[in-house]
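So the structure is just underneath, and the comments pick up after that.
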Amino acid sequence: MIFVMNADPAGLLRRAYLSELRQHVWGPVLPMAFLLIVGSALLIRRELAPVARAAAWARAIRPGAVTPPPAGPVPAEVADLIAATERALDRLTTALAAETRHAAEAAHALRTPVAVLVARLDALPPGDTTERLRADLAALSRTVQQVLAASRTDVLTVPDDAALDLRDPAGTVTAALAPFAYAKGVALSLSVPDAPMLVRANREGVELALTNLIENAILHGGPGVVEIVVGPGPDVAVRDHGPGLPAAAESRVFEAFWRGPAAALGGTGLGLAIVDRLQRAQAGAVTVEAADGGGCKIVLSYLSA
């Protein structure tokens, strides 16, 4: 039989082509391709599981904390990567401990001559020069304390079951700084809730952060009242009624050694940077908020216990 076609007005060729494609290509090939894609995805995911565990282990590493390597069998290549990472971490931990120790040792060494200078100043007759020296020595003493605080931030740890009542460190720090505030013509106001405000935090870290914030408010907020408010959430706020921060400064206020153009003399620009490091070490946060009626308001936030 001979079939001759001059044209295809009914689209027979297209129908035949689609029929062959459906019967001999789509039918057997598409299900097989689907199975191959799904099987390949599952196989790749299974093979990359050790890499994902290693990545999760690396993300969980914190300064000063011991993080065991991922459990379970891993390919030789991934095991070599984990071992190399552990060796690098050991070297970094050793270097960090040495730097922290040197800073702490230097600060401790400075505390003795500072105490001697304070004692000798008390023996001098009162006068303008003596008062200026006393102010300079107080600034030096605060700098030494800030260096000590900075040396502790990198090794600060918070246990998983920690439960600190924010009212306790707030009361301790406020009472300790009350004489300093009085000498500067500033009144401290502490507001705490009736019920405990339990957070997951390190007491020493909270006290160091609060001390820096309240000292900054006393020194830079001018005469008036510095308000310390605990709650209503897992946070504590320190607010002064001074000139406040310019909008452009809010993005730089936590940079180390940065000081505003109108900052008081004698500062180092370390206080708020140390607060930021202390908060990050405790999985907390520190933010600058707009204060109604002027002034500066800084809030320390923590995880609820």
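Which ordering of Ile82, Ile2, Ile44 is given by a fewest-first count of other beta-carbon atoms within 10 Å?
Numbers: Ile82 18, Ile2 3, Ile44 10.
Going from least to most buried by this count: Ile2, Ile44, Ile82.
Estimate the FRET efficiency between Ala49 and Asp168 by the formula 1/(1 + (r/R0)^6), using the beta-carbon distance for r and 41 Å for R0, to the nearest 0.05.
On the way: r = 45 Å, r/R0 = 1.10.
After rounding, the FRET efficiency stands at 0.35.
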Task: Under-5 Å amide H pairs with Leu190, H placed in peptide plane, nonlocal only - done: Ile228
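Indicate, rounded to the nearest 5 percent, the antiparallel portion of the DSSP beta bridges found entirely in segment 159-304.
Numbers: 18 of 24 bridges.
Counting only bridges with both partners in segment 159-304, antiparallel ones make up about 75 percent.
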- [ ] Give me the compactness ratio for segment 159-304, meaning the Cα radius of gyration over 2.2 N^0.38 Å.
- [x] 0.99
Open item on the list: Per 0.36 nm of contour for each residue apart, how much would the distance between Asn6 and Asp136 grow if the chain were fully extended, relative to their Cα-Cα spacing?
Closed with: 36.1 nm
Task: Label-point gap, in nm, between Ala88 and Ile37 - each point 7 angstrom along Cα→Cβ - done: 3.6 nm
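Going highest first, how would you order 22-35, 200-213 by mean Cβ packing within 10 Å? Could you put the intermediate results ahead of the total?
Numbers: 22-35: 10.5, 200-213: 22.9.
Ranking, from highest mean packing down: 200-213, 22-35.
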Task: Likely footprinting exposure, Ile214, Ile37, fewest C-beta neighbours within 10 Å first - done: Ile37, Ile214
Open item on the list: Testing the spin-label approximation: label points 7 Å from Cα along Cα→Cβ at Val114 and Glu20. State their distance in nm.
Closed with: 9.1 nm
Open item on the list: Along the Cα→Cβ direction, 7 angstrom out, place labels at Asp160 and Ala58. What is the inter-label distance in nm?
Closed with: 2.4 nm
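None of the figures in this text is laboratory data; all of them are computed from the coordinates on show. Everything quoted here is computed from the prediction, not taken from an experiment. Note that each Cβ is placed from the backbone with ideal geometry, even for glycine, and that neighbours are counted across all protein chains shown.
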